[in-house]
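Let me begin by presenting the structure, written as structure tokens, before commenting on it.
All of the numbers you see were taken from the coordinates with simple rules; none came from a lab. Because the structure is predicted, anything quoted here is derived from the model rather than measured. We place every Cβ from the backbone using ideal geometry, glycine too, and count neighbours over all the protein chains shown.
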Amino acid sequence: MGRFPNLGGSRTIGQGNCLKISHIHAGVLGTFGLLIVLMVGLGLFNLVEADRVDRAFQRLAETQWHKTQLATQALEISSRNSRVTMEIFLQSDPRIISQLLLQRQTNSERIRVMLGELRPLVGEREERQLLDRIVAARRIYMASYLASLDWLVRQQRAAEGRAMMIQDTLPKLEAYHQAWQDFMAREDQQISAMSRTEAVDYAASRRRNLLVLLAGLALSAGFLGLVLWQWREEQRRAQAHTQALEVAQLDLERKIRERTAQLLETNQALEATAGKLSQANLELQTAVFEARELARQADQANAAKSAFLANMSHEIRTPLNGIMGMAYLLLDEEQPVGQREMTTIITHSSEHLLNLINALLDLARIEANQLELETAPFDLPQLVTEVVQPFQPQARSKQIQLAASLAEDLPVMVVGDVQRLRQILLNLAGNGLKFTDKGSVTIRVECLAQDERQGRLRFSVTDTGLGIDPAVQPKLFKAFAQADVSTTRKYGGSGLGLAICKHLVELMKGRMGLESALGKGSTFWFEIELPKAAVGGTP
Ligand SMILES: Nc1ncnc2c1ncn2[C@@H]1O[C@H](COP(=O)(O)OP(=O)(O)OP(=O)(O)O)[C@@H](O)[C@H]1O
Ligand SMILES: [Mg+2]
């Protein structure tokens, strides 16, 4: 890994700064460009404007100059004509007079042409009036002049002609010339006014241009200042970003170092744990193997024990049957009183021993999974009667009421292992009688549910005897387990009965239990399903 990890955020910030700085550069360049364009534009505008004003002024000046020229020439020619007129009136030679008249005529014609040229150049009303005044004064003067001339030339009355000339024509000539003077004065005024206006226009134009330039400069300076301020701000922000980025990078590097160290530690711990686990696994595998081996050996030992038990039970039962048979034969014989009691004890002990051996044999078969149930149809009420009957003498002697209660809906003929069922019921009824000193023992059979094929039956034996402490109830169904050692001593028994009963019920796919309270009697029950036997005895 490099010194600085690649941070997406930092790249974005850097790009953003570059973009902003390039924007600022563009802004500065744009400002200068705008300023230059503005100045060049203003310069061009001034040039064009000056040219336009110059040309207009030139046009006006030329016109004005032309008009003044024409007026000056016309006044000059008229003055010259005045002198010619004076000469005409002072001459007496007709030939010279006629030459002077011709010269004067030519001059007069030139003045008329000039007046014709002046007319289109005159624009203002006042100017027009002045020109009209010249034309009118000229007409009056010409009329007077022609009248004087008429006196002088046609009527040959020189004295009257001269007198008229002096008294009438010369004042009119003066008025005529005055009209020209007025016209020229007006032209002079116009030229000066025009010069003044142009000067004012120039000054206004310069001021305007200056103002525009100043405004442009101020705007540009403001914009430039704004751009520079932004640039400085961006630089400051970029610097802050860079510092923050460096701090973040340092922090990140530190965290990465810490995390790497933690990971290394964790890895080492994991490796150590994995080593321990594999060791434990190995030990576990060995233990499992040993346990299996032990279980196998135990199974073998158990099987050997069961086989031994079954063999021994069988072997013991054979001579015991012989002993019991002989004892019963002896009881049938005439014997002295003492011997008969001894023979009776032999038969009772033998029966007890045979029961014990049978129980051991059953237990051995159950443990070796060799006990198999038989199925055959049997009469259920008859079974119950056969269970109850053998116990009646004992019940009577203990003054206990022994009763059987069969539900009305009970199926009569059912299919099952009647011997094993009898065995269970005998043990439960025997226990009930054995552990009850007064009251009753009742055998009940009920039908919990049934259909045409089978019924679920509940068998129970209820007594009013000792009752059993709830603490010892769970262990009663284990082999050789008895509730109380003292009662065992008093009532006898091997403690195998209930264990065998429970195994048998479970073989019949049923369940077994008890409800009991110390001093309040007990109810041992079991529930099994039994198929109903078909009519005629076949299931
Ligand atoms: N109805 C009962 N009332 C009181 N205690 C009982 C009753 N039934 C069984 N027990 C107790 O349960 C023990 C086990 O009974 P179980 O039938 O297994 O053996 P047992 O009767 O002692 O011997 P066996 O049945 O082999 O003659 C009895 O010893 C007794 O302590
Ligand atoms: Mg018993």
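Using a simple spin-label model with pseudo-atoms 7 Å out from Cα toward Cβ, Thr273 and Leu331 lie 7.6 nm apart. Scanning residues 5 or more positions from Gln450 or on other chains, those with amide H under 5 Å from its amide H are Arg456, with H placed 1.01 Å from N in the peptide plane. Ordering Val48, Pro94, Thr385 by Cα displacement along the dipole of the chain toward the positive end leaves Pro94 in first place; charges were set at the Cβ atoms of Lys, Arg (+1) and Asp, Glu (-1).
Assuming charge only on the beta carbon of Lys and Arg (+1) and of Asp and Glu (-1), the dipole of the chain about its Cα centre is about 3620 debye to the nearest 20. The relative contact order of the chain comes to 10 percent, based on Cα pairs under 8 Å that sit 6 or more residues apart.
For the cross-link pairs Lys434/Lys478; Lys478/Lys520; Lys305/Lys532, the ones whose C-alpha atoms lie over 29 Å apart are Lys305/Lys532.
Electrostatic bookkeeping for Lys532 treats Lys and Arg as +1 and Asp and Glu as -1; over the other residues with beta carbon under 13 Å from its beta carbon, the sum is -3.
Dipole check for segment 372-531: with +1 at the C-beta of Lys and Arg, -1 at the C-beta of Asp and Glu, and the Cα centre as origin, the magnitude is about 760 Debye. The separation of segment 85-153 from segment 236-259, counted between C-alpha centres, amounts to 109 Å. Toward the positive end of the charge dipole of the chain, with +1 on the Cβ of Lys and Arg and -1 on the Cβ of Asp and Glu, the farthest Cα among Leu115, Ala499, Gln370 is that of Leu115.
Per-residue ellipticity at 222 nm from helix content only, as computed over the chain with -39500 (n - 2.57) for each DSSP H run of at least four residues, stands at -27000 deg cm²/dmol.
Take the Cα of His314, step 7 Å toward its Cβ, do the same at Gln99, and the gap between the two points is 20.3 nm. Given R₀ = 60 Å, what would the calculated FRET efficiency be for Arg292 paired with Arg259, taking r from the Cβ atoms and rounding to 0.05? After rounding, the FRET efficiency stands at 0.80. Here the residues Tyr145, Tyr202, ranked from fewest to most Cβ neighbours within 10 Å of their Cβ, fall in the order Tyr202, Tyr145.
Between Glu124 and Ile345, full extension at 0.36 nm per residue minus the direct alpha carbon distance yields a gain of 61.4 nm. Sorted on the mean count of surrounding Cβ atoms within 10 Å across their residues, most packed first, peptides 521-531, 104-114 read 521-531, 104-114.
Candidates Gln249, Ala359, Leu173 compared by Cα position along the dipole of the chain: farthest toward the positive end lies Leu173, with charges placed on Cβ.
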